[in-house]
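The values are calculated or read from the model by the stated rules, or taken from the named source; none is laboratory data. Every value quoted in this text rests on a predicted model; they were computed, and no experiment measured them. Note that each Cβ is placed from the backbone with ideal geometry, even for glycine, and that neighbours are counted across all protein chains shown. The protein model used for the area step is the full one, side chains on, heavy atoms only, and it has no ligands, DNA or RNA in it. Shrake-Rupley method; radii C 1.70, N 1.55, O 1.52, S 1.80 Å.
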Amino acid sequence: MTLDEIFGLYNYWVVICLMMTGFYIVIARKNLIKTVIGLNVFQTSVVLLYITMGKVTGGTAPIIPPEIAAQHGEHHEHSTAHSTAHSTAHMTADAPHLDHATEHGHEAVTPLTQHADHVHQTASAMADHSTELIYSNPLPSVLMLTAIVVGIATTALALALIVRISEDYGTIEEDEILLIDQRDSSH
Amino acid sequence: MNLFSPETIIQISLALPALGIVLVLLTGRFPNLRETCSLAVAALLFLVNCDLASYVFSGGRPSWRAGQLMPGFDVAFTVEPLGMLFALVASGLWVLTTVYAIGYMRGHHEKNQTRFFACFAAAIFAAMAAAYSANLFTLFVMYEIMTISTYPLVTHHGDQNAKGGGRVYLGILLSTSVAFFMFAIAWTWKIADTLTFTQGGILSKAFSEGRVTEFELAILLGLFAFGIGKAALMPFHRWLPAAMVAPTPVSALLHAVAVVKVGVFSVLKVALYIFGLDLIRDTGAGEWLCYVAAATILLASLVAMTKDNLKARLAYSTVSQLAYITLGAAIAMPQSALGSGMHIAMHAVGKITLFFCAGAVYVGAHKTNISQMRGLGRAMPLTFAAFLIAAISIIGLPPGGGSWSKWLLALGAAQSGQTFLIATLMISSLLNIAYLIPIPIQAFMVPPGEKPMPFKEGPMLCVVPLCITAIGSVALFLFADSIYACLLPIVQ
Amino acid sequence: MFVSIFILTLLVVTAITIARIGDLWAAVMFTGIFSFLGACWMLILDAPDVAFTEAAVGAGVSTFLMLGTLALAGKTEKPTTSSSVVPLFVVAVTGAALIYGTLDMPHFGDPNSPVQTRIEPSFMEKSQSDMHGLPNVVTALLASYRGYDTLGETAVIFTAGIAVILILRRSNDGFKSNDVFNSQSNSRKGSQ
Amino acid sequence: MDSFPIIRVVTKLIIPYILLFGFYVQFHGDFGPGGGFQAGVILASALILYGLVFGLPAVKTVAPPKLIEKLIALGVLIYAGTGVVTMLAGKATHTGEHELTSRTVANFLDYGALDHHFLPGFLPHGQHLGIFVVEFGVGITVTAVMTMIFYCFAGRNPHANGQSNQQSEAKA
Amino acid sequence: MIEFLQYHLPVLLIAIPLIAAPLAVLLSNRYIVQSLALAVCWTTFGLAIWMVAIVNQSGPVSYELGGWAPPYGIEYRVDQLNSFVMMFVSGLGAMVLTYSPYSLKAEIPLSQHYLFYPMYLLCMTGLMGMCVTGDLFNVFVFLEISSLSTYALISLGRTRRAPLAAFQYLIMGTIGATFLLIGIGLLYQMTGTLNMADIAEQLEAQRLVNDGQWAGSRTMLVAFAFLTVGLCIKMAVFPLHTWLPNAYAYAPSVVTAFVAATATKVSVYAFIRVVFGIFTPQFAFELLPLDTALWSFSLVGIFLASIAAIFQQDVKRRLAYSSIAQIGYMLLGISMADVDGLSAGIVHMFNHALIKGGLFMVVGCFVLRLGSVQMDDWKGAGRTMPWTSFAWVLGGLGLIGVPVTCGFISKWLLLTSAIHNELYPVAILMLISSLLAVVYVWQIVEVLYFEEPSEKAKHATEVPPLMLLTTYTVVGANIVFGVWTTYSAGLATKAAKALLEGGSL
């Protein structure tokens, strides 16, 4: 194991430690709320794992600086035709996208040809511009947004169940609940 | 009568019992109508089978492929002489059993008669389908259907006794069939790539190609012999006596018509058409089976002697007689195999008579134990006369049909050169005499100091069938030659 | 680098504290802190959207919910009596497996890892033309490219909402008493 | 909390800003961090704060549970409905062609089908409009669910333990 | 119109119940919601059958959600296998829902009914969504939809143990889902994509580049292990089954019938997809001894769970343990990794769904009239409830695997596959274990027919015709698909062939 590896992977290892701490709380603790807390820690750590994957050294957040975005955004406001053409075009996934959109612009509405070309040019200009910036991968973020929401939904449900259990049994310690159940069934 | 092609007749004779189930269930509220339907279907089935028999015994091999249960596993039927004989016996005796059952059930005011007759028809359906089956897979399916459809019959009384008997019945039959029989079939399929019954066997080719060793063959035969629990080879015979909790017509069905006969029939089929007699003989795979069968014959006879309950004694007698048939398959000489085939018919007719008699005594005089039947012969002369004739047939003395089949078995044993088997057959015949003959003899002899009982036979519907079957076993003695001729193709 | 090591250390310390502490109030609070630290680290890792959400949810909503539950169900944890050898073993095995798994992974921040290079052109470039210049690519991905996942996510939230109603709202027709919506149940009773 | 006037006043002052921030996050999600989910949480927190300070009945008059329950469903319907609309719209714009291929129909949630000719420059187009609408749906659902969860938890009486114990034992 | 529907069919299967759920909450009238749910379920079933027909005629169908092609967007990919699974999931969903009204009235407060139906629909949506999707992360999302709704449904049981059972399931289920998420993450890390077919391609491409060696095998091994463990928890494979008995036992009867019939099967489907669709059998069975592990765990599970079932007095628990055992048979089939074995596994998913669905429906009938699931209270019910009792017998025969029931078909396929692979001990143990089913089924039969009626059974009457009709439809399907296997074993074999031949890309 080289130093390089350690430096390249220590992030993951810390995250794994966090995950395992959460996992340990879930399986070792008998208090129901503590279990849920453990679950929370576990899930949060998994979120960290994903986010770690998306990071690029020297990258920035996947939000395109407003000036570039605005530059592009201006164009579509003029060209509804472009948009329609585009909407049909983007379904052909294989062809390079921009070219395709432009072609459609040509075929569909001749007067707009110039405009479509213009779009093409600005788009490539923008592409040049954007190479100066390195963005971290947005996909893990998106996945984790979903995962966080799923997590809070689960937590809410679990806590609701705990409230019911605590009302019905008068305790939230799993051992005691099981004892009560045993006593019930032996009656 | 050439209204239908033989293929159609196969369909008809499978459809008839199925129709019987439906009719019985539909007419359940009207006992007379219900039993008329039951009888009519049984009679029709017998007639149809007679028609088919004339075709099959003259060399025809009609077949019908009903469909595919799974890719590669057909449900198909082909009628060959052995199956035809079994089907004839089963359908013929179904008519008589139905008549008898009507008398018995009414005489006894049994409950749930509709369920009884429906399950009865279902069992016959399974017997027919098993008799005609063209491959081992179909045979197995029908074998299992029969187990399930006879369970309600065995537990007909629905009390704790019935529950216990039913447990043993279902437990042994299902576990042997699933653990051994099914495994053996799948294994055979792997070795031979087919399960179709073929003259001369399907495994001989695989053996000659080296796909299976002698040792494996012996194990396979064992899996079949024990897996077919209905053949009641010891130590898997316990279900038969346990099933005696059932009403007597059911016992008749179990011991003569359907269940045990499907068992030994399957053993014979496997020996003839899966292994092939030559293969069993040449590889010595059947040798150990001979010993087991011989042991079963003797032990069961000995146990039978200790039983005072008539039905229990008959049950052990059946265990012993079934082992004869298995023995014939294990010896694997043409003569012995023919003897086994004939014994299916001979024993069926003889044993059903004995059970009919037992039932008639129970209905007429409410006696179940042999010790109570002393002197009963005066009161029920027809019944006990029939008993005597049937007993003679079972023992294998002329003029009972059983003499021929036992003669052929002994011939086969002699050909194979295994003298101890001949000895076994002789000793067992003596034992048969010892446990069967005293019953009618004692019944006719009134001990001194007792008044002869008044003449009181069982119900008409019980006595007539048993007389017919008793005559039948004599008739089989007279016409054994033609049966022999009919069966001959199976070993050629 | 140092900031991230600092935060990571804090995260580990917090996690262990949560595992060891017996007072549930404190544990809940530490969970909030844990989420918050996590959010900070996410910010460093260029995921502001996730950081924002984690802060709002982990440090906000779930802490609040847990406190609410504690108010209803009791605050202290009974010390665990059963042996923790089996859980520790399970956790150790799982953790070891994971660490073993990381050995072949692309290193942290590697621009040539499959995650960064597989999709070409990347979402950043593609979304520009597809979305007519929507600046926040995460939103574009969330709502359009993977909009279906988000529909699923909304359905999950919906499910949780309905589930909580089903579990906690007391019904008013004889099965269980104590209706939560007192005013409502009164008016219903009135109308009946 | 009747005895803490400062809290009451401060709360009343703060809540509008929380709401404002919530709406900002909701509608600005396309441009910076944020979106329907975060906005929903923030909006709900305003309601929850109101409920904590002024009591459950007060907040229930502002946002009746029945309404909240409907809103939970409404948000999902808006989202899924957008998907259905895109499907139908995709078909409508291409009725001229008989052969259905992936080129002439818009799939579920394909916001490209939402391109329109009304008020260009004011209403956003296609993808942008779609994202806007579904984020709105998410926002509604999340706000409503969070509020509902608060209602349900707050509606449980912490002192009812003994009582419900007895009930359940009686049931058993 | 037809073309439009046909084109959008994959998404309609999910979208219709998904939209119906919030709509039901909006409508909130019990009767309207009930009819809506029924209509939706049957429509979905109809569409699912249509889907099966289309797939079998013209091969797999792909649908790009949002119009974004795979590496960017989410793809729905319907092939023989998942269309088949969706068909029986929606079919049983519709059947159980039709069966439900009386049982629900007896077990769930009326005021909650309008929320019960959306939950039920969501559960179905989640399960169907897991099947139809070609995107790994989407599997996780829909897994959570189905799980969360299942937890809620289970907690509706009448005893106070129901919320506890739901909670225990929630914890186990969430651990499983999180493991799944970790596995997905690691796979994503190694391939940079979430589309299953794409991942498979990437893995294969990486393997080819590295001269047939699995690239980054350590990470992939761990990813595979996590996916497997996560799914095994959801499947309730033997040592990870602890959540299942309580969950099945304390849930309302209708919920148990639906969940038992479908939920674990869908997880098995997902597992098959992971093993054969993403990783290749070569990877799973050569690099890892997964087959040996699977069949040893399955066999141990089958024996222990079956024996545990024998000792349960509570009929629902008894069937629950039997479910754990039956999952073992499915895994046994999968571990054979040949066409016979895999189709045995697949067809057993279907058959067992029918059998268990039917049996739990019978239990629901008894609960309605006897108010109990204890065997003592069922004594002698065969006399007062003959039809219901006979349905138990029929279903039980299917569970045992008697010929002409569908249970036999799966058992036979499994057996021939085991023999074919020369796994003789496995075959023998499997057969012996199947005899344990005889014991735990027949004990109930004996209780029903051979005991003096209990107090409760004496006064019981037969259940309403609607319940009988639906119960008999499902139980009867056991027999129908035991005789006529073109659309069960036939489709399963096709699916298995497609997986084995097309899965390794």
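For the range E:241-315, the gyration tensor built on C-alpha atoms gives an oblate shape. Its axis ratio a/c (a ≥ b ≥ c) is at least 1.5, and a/b is not larger than b/c.
So, for chain B, what is the accessible surface per residue at a probe of 1.4 Å, expressed in square angstrom?
Values: 16180 Å² over 492 residues.
It amounts to 33 Å² per residue over chain B.
Which is the longest stretch in chain B that no exposed loop site breaks, taking sites as GluC sites (Glu not before Pro) with a DSSP loop state and at most 13 other Cβ atoms within 10 Å?
Values: sites that count: B:Glu209, B:Glu450.
Longest stretch, sites excluded: B:210-449.
Take each residue in B:64-77, count the other chain C-beta atoms within 10 Å of its C-beta, and the mean is 4.
Between rounded, prolate and oblate, where does the range B:375-492 land on the alpha carbon gyration tensor, with a ≥ b ≥ c its root eigenvalues, rounded for a/c under 1.5, else prolate if a/b exceeds b/c?
Details: a/c = 4.69, a/b = 1.75, b/c = 2.68.
In terms of gyration-tensor shape, oblate.
Excluding ligands, DNA and RNA and using a 1.4 Å probe, chains A and C jointly bury around 8200 Å² of accessible surface, summed across both partners.
Note on B:Leu47/E:Glu462: beta-carbon distance plugged into 1/(1 + (r/R0)^6) with R0 of 60 Å gives a FRET efficiency of 0.90. Rolling a 1.4 angstrom probe over the range E:300-505 with all protein chains present gives an accessible area of which 67% lies on carbon and sulfur atoms.
Per-residue counts of other Cβ atoms within 10 Å, averaged by peptide: what ranking do you get for B:310-322, C:62-74, B:388-400, highest first?
On the way: B:310-322: 25.5, C:62-74: 21.5, B:388-400: 23.8.
Descending packing order for the listed peptides: B:310-322, B:388-400, C:62-74.
Using a 1.4 Å probe over protein heavy atoms, the accessible area lost on pairing C with D, summed over both chains, comes to approximately 4200 Å². With both labels modelled 7 Å from their Cα along Cα-to-Cβ, the D:Leu13 to A:Leu133 distance reads 3.8 nm.
Give the interface area between chains C and E as buried accessible surface, both sides summed, probe 1.4 Å, in Å² to the nearest 100.
Values: alone 15020 and 18530 Å², together 29290 Å².
Using a 1.4 Å probe on protein heavy atoms, the buried area is about 4300 Å².
For chain E, averaging the sequence separation of C-alpha pairs within contact (under 8 Å, six or more residues apart) and dividing by the residue count gives a relative contact order of 15 percent.
Counting Cβ atoms of other protein chains within 10 Å of each Cβ in B:219-226 and taking the mean gives 0. Residues whose amide H falls under 5 Å from that of E:Glu64, counting only those 5 or more places apart or on a different chain, are E:Tyr76, with hydrogens built in the peptide plane.
A simple spin-label model places the labels of A:Gln182 and D:Leu56 3.6 nm from each other, with each point 7 Å out along Cα-to-Cβ.
Here the spin labels are modelled as points 7 Å beyond Cα on the Cα-Cβ line, and at E:Leu288 and B:Ala434 they lie 6.7 nm apart.
For GluC sites (Glu not before Pro), the sites in the range E:429-494 that DSSP calls loop and that have at most 16 other Cβ atoms within 10 Å are E:Glu462. Split the accessible area of chain B by element, probe 1.4 Å, and carbon with sulfur accounts for 67%.
Counting, for every residue in E:130-138, the Cβ atoms of other protein chains within 10 Å of its Cβ and taking the mean gives 2.
So if R0 is 56 Å, what FRET efficiency would B:Asn161 and C:Ser83 give, r being the distance between their Cβ atoms, rounded to the nearest 0.05? Each step should come with its number before you reach the end.
Details: r = 52 Å, r/R0 = 0.92.
Working from the Cβ atoms, E equals 0.60.
Please work out whether the range C:1-139 counts as rounded, prolate or oblate from its C-alpha gyration tensor, where a ≥ b ≥ c are the square roots of the eigenvalues and a/c under 1.5 means rounded, while otherwise a/b larger than b/c means prolate and anything else oblate?
oblate
Report, to the nearest 10°, how far helix E:217-235 tilts away from the longest principal axis of the Cα atoms in chain E, using its own Cα long axis and a range of 0 to 90°. Helix E:217-235 sits at roughly 10 degrees to that axis. Counting only alpha carbon atoms, the long axis of helix B:419-436 and the longest principal axis of chain B meet at about 20°. Principal-axis analysis of the Cα atoms of chain B puts helix B:402-416 at an angle of about 30° to the longest axis. The mean accessible area for residues of chain E, using a 1.4 Å probe and ignoring ligands and nucleic acids, is 25 Å² per residue.
Remark on B:Arg65: its backbone amide H falls under 5 Å from those of B:Phe77, a criterion applied only to residues 5 or more positions apart or on other chains, H modelled at 1.01 Å from N. Taking every DSSP beta bridge that has both ends in the protein assembly as shown, the antiparallel portion is near 90%.
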